Every structure is written in C-alpha cells, then in structure tokens.
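Structure first, commentary second.
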Amino acid sequence: MAATKSVMMPLGTKAPDFNLPDTITGANYSLQDLKGEQGTVIMFICNHCPYVLHVKQQLIDIAGEYSRKGIHFIAISANDIKNYPQDAPDKMKQLMGEWGNPFAAYLYDETQNVAKAYQAACTPDFFVFDSDLKCVYRGRLDGSTPKNNEPLTGNDLRNALDNLLLGRPINPKQIPSIGCNIKWKEE
C-alpha cells in the first residue's frame, strides 16, 4: 500500500471532457451528460484500494447529501484490469450495487486517457468543478487515512462544496489527496 499524493490540477482549469462507459447502466456518458447544475465532483477511485474503502461511507453520505443540492458525483476507475482484475467493469458494477449506487455514474477509463487528462495520480483523487466546469477544488476528502487515527469527517471536501453552493471563495490552500497510485498499464 504505497502512498501516492495527488498532482493538484491548477485551479481554474476547465474540466476535460470524456465519453466513457458507465459500468452500472452500460451506456456511454460524456461530462456534459453527467455534470451537475450547481457543480460536479469527479473522483478517481477503484474497487480494491484500502484508501477508497476507508472513506467509503463518507463518499456515500456526501454524494447523497450534495446530490440533492445540484452537485453530481462521477466516479471513474482507470486501473489496469489485466494486472488488477478485481477492478474490472463487472466488479465495478457489483461494488456500486453493494454501495447502493450513490453516484451519477461509475465510469471505466480503459485507455487511461481521461485519468491522464485530469492529472489523476491516486485513488481516491477528488476534483470539484463549478457550474461552468472550472476547477475550484482538488485535494483530499479530509486528513483521515487507513493508517492514522484522525476521524473520518469529509470536512475538506464538504467545506469546498458548501462554499461553492453559497457562492463564497474556496480557500486556494488545498491539501493533496493521498492514496494508492493509479495502476497504469505497462507501455
């Protein structure tokens, strides 16, 4: 479980578009299809990462709470399924069923091009975009990890979402997420 930090896309960056298959419905969706009226959270996650599993309940709770306020949550997995078959699309669909399908979609980035466009580095890696799809937050959920005793609150992400909804500035001093590295394909 090697800890990798997020790269931290520059604030103000326009969200790269995509067209990816949703493992829940089988349909392909673009960013335009899934974006929220008030904002959009794009999360790079995977099925087996202990960091993702550690924050599972907060992800479900935050998505449920803020989806009702017009912010959509899009999960994307870009892991190499040849070497990590537990992250394959059929397993992704199964996991979302177990989690109660809390997100607008759980997309599979087979080419890993979307992960590269977002400069995603780890799971989980969070990106928040405003209604114009400009990056206003990228970083961690909160300070809790599987190896420390910090409480799991989701406060960093929640504060960014609350400020976005209230039209307040979001503190530009943001802390990188930390998690397992994305499992890149061998070239």
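Some notes on this structure:
- Taking every DSSP helix (H) stretch of at least 4 residues in the chain, weighting each as -39,500 (n - 2.57) and dividing the sum by the residue count yields a mean residue ellipticity at 222 nm of -8000 deg cm²/dmol.
- Positive dipole terminus of the chain, leading residue within Ile45, Gly143, Met96 (C-beta point charges): Gly143
- Counting only Cα atoms, region 1-61 measures 34, 32, 21 Å along its principal axes, largest extent leading.
- The separation of region 99-170 from region 8-66, counted between C-alpha centres, amounts to 7 Å.
- Restraint check, Lys82/Lys173; Lys56/Lys185; Lys14/Lys147; Lys14/Lys91; Lys5/Lys56; Lys14/Lys82, Cα-Cα greater than 29 Å: Lys82/Lys173; Lys14/Lys147; Lys14/Lys91; Lys14/Lys82
- Along the chain, counting only trypsin sites (Lys or Arg not before Pro) with a DSSP assignment other than H, G, I, E or B and at most 15 other Cβ atoms inside a 10 Å radius, the longest segment between sites is 1-67.
- The charge dipole of region 4-181, taken about its Cα centre with unit charges on the Cβ atoms of Lys, Arg (+1), Asp and Glu (-1) only, comes to about 400 debye.
- Largest-first principal axis extents of the Cα set of region 26-185 (Å): 44, 39, 28
No lab work stands behind these numbers, since they all come straight from the coordinates. Treat the numbers as computed from the prediction; the structure is a model and nothing was measured. With ideal geometry, Cβ positions are generated from the backbone for all residues, glycine too; neighbour counts draw on all protein chains shown.
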